[in-house]
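First up is the structure itself, then whatever we jot down about it.
The values are calculated or read from the model by the stated rules, or taken from the named source; none is laboratory data. No experiment lies behind these values; they were computed from the predicted model shown. Neighbour counts are summed over all protein chains in view; Cβ atoms, including those assigned to glycine, are modelled from backbone coordinates with ideal geometry.
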Amino acid sequence: MGPLQRARVYDWSKEFLIVLSIMGYVVLHFLGLRVNQGKVSSWIKAHLDVLQTQFYQVGPKPNITSTKSIDYIVTDGATAYNTYATGRVNVSHVLAKFRLLGRQNFITLSMEYFTSIFLQGFNPRDQIDVVITPSDPAAIDPFVFAVVNKENMSRSRDQNYFLSITRTVDSDKLPPSFTFMTESAEVTDTVVELAKEFFQALETPGVEKVLEYFAITDQQPTAPLSLKDLEPKTKLYLSLKFPSNKEQSELSARILNSAINLVDILVAKKTWRPEVAKKIKATRDAEIKKVQKALDLIKAEELAQKKTEALREKKAALAKLSPEEQKKLDQKSKEKEQRKLRSKQIRR
């Protein structure tokens with residue numbers, strides 16, 4: 001039987017299934033990739049007017065005139081995208097980071113989904129993080145204030161160190177699904193008075209489907225590992241959800257616009273009353289002491305480890321000496337101790 005005849009009678013069902021599976025995986029990969037790119041492009045399109053009105057440059061390159069959202073995006077992988085805006089009074093730049101589910105890999109996506117069912121606290125999701133950096137962070141007095149969606153309050157606190165130095169306060173000034181996380185009542189009252197545009201946007205029905213949290217803070221999101229990490233650098237943070245309809249897109253754009261405008265108001269604001277400033281400083285001093293204590297402990301452990309290693313090396317070196325060399329070394333050590341004793345006696 002020739003090769004052609006063998007090929008005709010051979011059962012190709014297994015090979016057919018393998019090829020079909022590979023083709024299916026490739027199709028699902030590109031579909032998932034397209035979904036992620038589409039979500040980011042839609043967000044850019046909905047917020048482009050706000051960014052172009054507020055900033056001279058939007059996107060990775062200056063003078064972009066394209067109407068295609070993709071031209072304003074920097075791709076860092078299948079699940080990570082960024083966009084950038086700069087060129088405005090009082091604001092150095094705005095950086096928006098998009099972190100999406102791995103839809104391009106349905107196997108990993110399925111595993112994450114099933115893991116989230118059994119593992120409490122593990123909840124993979126699409127996320128938008130916007131960081132607004134003032135031109136002169138020192139122009140804004142240090143404080144921490146946040147409006148946080150109660151649905152994800154624990155996760156927001158876990159992911160942001162600066163929220164750990166606040167206390168939670170419910171208020172009728174907020175929708176029932178949100179809470180304040182703030183350093184003091186005066187900080188809350190002051191920000192509510194200054195950020196009228198933002199709080200008007202919060203009154204819109206369905207805002208809990210758009211906003212995760214909004215924060216003004218002089219402290220960083222990650223836990224400090226050095227004293228330099230505790231230096232005050234005020235920034236504004238927005239954690240947003242991807243809008244699912246036109247109304248949510250418009251609300252998201254309003255929230256972003258109000259946060260950018262708030263920088264101007266904060267820069268022009270007078271300083272805190274001495275009592276409030278003293279309380280804020282005391283909180284930071286306490287954090288500095290914690291970090292310094294941890295650094296001192298690490299330093300002491302490193303010193304103890306070096307001493308242990310030096311002693312081990314000394315013992316290893318002694319073990320390699322001949323009996324005569326060890327005898328001479330012992331004699332030198334005794335003579336050294338005797339000289340120390342005589343020196344002490346003379347001083348007395």
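Residues being touching a residue at least 60 places away in the same chain (Cβ under 8 Å) and among the aliphatic types (A, V, I, L, M) are entirely absent from segment 196-209.
Residues considered: Lys235, Lys269, Lys209, Lys241. Of these, the only one that is out of contact with any strand residue (DSSP E or B) (no Cβ under 7 Å at 6 or more places or on another chain), of a type outside the set (S, T, N, Q), under 19 Å from Ser156 (Cβ atoms) and assigned by TED's automatic domain parsing to the domain that holds Ser135 is Lys209.
When Ala96 is tested against the conditions (1) part of a helix (DSSP H, G or I); (2) farther than 30 Å from Val276 by Cβ; (3) of a type outside the set (Asp, Glu); (4) in contact (Cβ under 8 Å) with a residue 12 or more places away in the chain, the lone failure is (1). Just wondering, is there one or more residues in segment 102-118 that are assigned by TED's automatic domain parsing to the domain that holds His29, touching a Pro at 6+ places or on another chain (Cβ under 6 Å) and not β-branched (Val, Ile, Thr)? Yes, because at least one residue in segment 102-118 is assigned by TED's automatic domain parsing to the domain that holds His29, touching a Pro at 6+ places or on another chain (Cβ under 6 Å) and not β-branched (Val, Ile, Thr).
The selection criterion, being crowded, with 16+ Cβ neighbours inside 10 Å and either in the same structural domain as Val40 (by TED's automatic domain parsing) or within 21 Å of Ala282 (Cα to Cα) (or both), holds for Arg157. Scanning segment 242-272 for residues that are of a type in the set (A, V, I, L, M, F, W, C), surrounded by 15 or more Cβ atoms within 10 Å (Cβ to Cβ) and under 28 Å from Asp141 (Cβ atoms) yields Ile255, Leu256, Ala259, Ile260, Leu262, Val263, Ile265, Leu266, Val267, Trp272.
So which of Ala317, Ala259 is in contact with a Leu (Cβ under 6 Å, 6 or more places away or on another chain) and either closer than 30 Å to Lys39 by Cβ or not assigned by TED's automatic domain parsing to the domain that holds Gly87 (or both)? Step by step, each of Ala317, Ala259 is checked, and only Ala259 is in contact with a Leu (Cβ under 6 Å, 6 or more places away or on another chain) and either closer than 30 Å to Lys39 by Cβ or not assigned by TED's automatic domain parsing to the domain that holds Gly87 (or both). Ser239 meets the stated requirement of being surrounded by 20 or more Cβ atoms within 10 Å (Cβ to Cβ) and not basic (Lys, Arg). For segment 74-95, give me each residue that is touching a helix residue (DSSP H, G or I) at 6+ places or on another chain (Cβ under 8 Å), surrounded by 12 or more Cβ atoms within 10 Å (Cβ to Cβ) and at pLDDT 90 or above. Once the filter is applied, which keeps residues that are touching a helix residue (DSSP H, G or I) at 6+ places or on another chain (Cβ under 8 Å), surrounded by 12 or more Cβ atoms within 10 Å (Cβ to Cβ) and at pLDDT 90 or above, segment 74-95 yields Tyr81, Thr83, Ala85, Arg88, Asn90, Val91, Val94.
From the list Ala195, Ala138, the lone residue that is more than 19 Å from the chain's Cα centre (by Cα), hydrophobic (A, V, I, L, M, F, W, C) and surrounded by fewer than 18 Cβ atoms within 10 Å (Cβ to Cβ) is Ala138. When Thr182 is tested against (1) over 28 Å from His93 (Cα atoms); (2) hydroxyl-bearing (Ser, Thr, Tyr); (3) modelled with pLDDT of 95 or more, just one condition goes unmet, and that condition is (1).
If you go through segment 248-273 and keep only what is of a type in the set (D, E, K, R) and under 25 Å from the mean Cα position of the chain (by Cα), you end up with Arg254, Asp264.
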